[in-house]
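Student: My questions will all concern the structure given below.
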Amino acid sequence: MANTSNTEVKCVKCKNVYEAEVIDHVTLDEDRELIKSLRTGKANRVQCPKCKKVMFLDRSVVINFEPENRIVVYDPSAKKKTDKDQLIADYNSVVSFNETLSEIGGETEFSVVSKLDELKGLLKEYEKAHS
Ligand SMILES: [Zn+2]
């Protein structure tokens, strides 16, 4: 199952602020049904309880490409190279803290993707290799 959390969302239509459950972390071999919505940028669908307006949140999702040693952070707001470098530095500092993680970290390819097209390509490759 995907890891989720609650976040505050402001409705673009009626400005109502509400809590919604959003996806933070996806493991592809367990969450195959999510591949399609990830590919179309619609993984995080929320609906305003007041006016029923549906929105797709453009927020970051960590995607674990199990069984491949690849972790991709899809972050549409990390457009600049410095943003991506920061995310990679954060990842490396978390990994170096923990002995078990640093073993995994050494074998895992970690990357940051901000363009949906790029993510689409990675997901297509994955589906081809693991169908
Ligand atoms: Zn609303």
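The values are calculated or read from the model by the stated rules, or taken from the named source; none is laboratory data. Since the model is a prediction, treat every value here as computed from it, not as a measurement. For neighbour counting, all protein chains shown are included, and Cβ atoms are generated from backbone atoms with ideal geometry for every residue, glycine included.
Student: Go through Val61, Val54 for me and flag whichever is modelled with pLDDT of 90 or more and surrounded by 18 or more Cβ atoms within 10 Å (Cβ to Cβ). Steps first, answer last, please.
Tutor: Values: Val54 fails: surrounded by 18 or more Cβ atoms within 10 Å (Cβ to Cβ).
It is Val61.
Student: Among (1) without any contact (Cβ under 8 Å) to a residue 12 or more places away in the chain; (2) away from the ligand (no atom under 16 Å from the Cβ); (3) in contact with a strand residue (DSSP E or B) (Cβ under 7 Å, 6 or more places away or on another chain), where does Thr82 come up short?
Tutor: With respect to (1) without any contact (Cβ under 8 Å) to a residue 12 or more places away in the chain; (2) away from the ligand (no atom under 16 Å from the Cβ); (3) in contact with a strand residue (DSSP E or B) (Cβ under 7 Å, 6 or more places away or on another chain), Thr82 is out only on (3).
Student: Further, regarding this structure: Among the helices (runs of 4 or more DSSP H) confined wholly to segment 70-131, which include 3 or more residues that are crowded, with 17+ Cβ neighbours inside 10 Å, aliphatic (A, V, I, L, M) and modelled with pLDDT of 85 or more? Give the steps one after another, and end with the answer.
Tutor: Details: elements: 81-97, 99-107, 116-129.
Here the list reads 116-129.
A quick yes/no check of all residues on (1) within 16 Å of the ligand (Cβ to nearest atom); (2) of a type in the set (D, E, K, R):
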position: Val12; (1), (2): yes, no
position: Cys51; (1), (2): yes, no
position: Asp90; (1), (2): no, yes
position: Val94; (1), (2): no, no
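Student: Separate question: Would it be correct to say that Val54 is in contact with a Leu (Cβ under 6 Å, 6 or more places away or on another chain), more than 29 Å from Ser131 (Cα to Cα) and without any contact (Cβ under 8 Å) to a residue 12 or more places away in the chain? Give the derivation first.
Tutor: On the way: in contact with a Leu (Cβ under 6 Å, 6 or more places away or on another chain): no; more than 29 Å from Ser131 (Cα to Cα): yes; without any contact (Cβ under 8 Å) to a residue 12 or more places away in the chain: yes.
The answer is no for Val54.
Student: Only one of (1) outside any loop (DSSP other than H, G, I, E, B); (2) more than 16 Å from the ligand (Cβ to nearest atom); (3) of a type in the set (D, E, K, R) fails for Lys42. Which number is that?
Tutor: Just one mismatch for Lys42, condition (1).
Student: A further question on this structure: For segment 14-28, which residues satisfy the criterion of being surrounded by 13 or more Cβ atoms within 10 Å (Cβ to Cβ) and either among the aliphatic types (A, V, I, L, M) or more than 14 Å from the ligand (Cβ to nearest atom) (or both)? Spell out how you get there, then give the answer.
Tutor: Initially, segment 14-28 is screened for residues surrounded by 13 or more Cβ atoms within 10 Å (Cβ to Cβ), giving 16, 18, 20, 22-28.
Within segment 14-28, Ala20, Val22, Ile23, Asp24, His25, Val26, Thr27, Leu28 meet the criteria.
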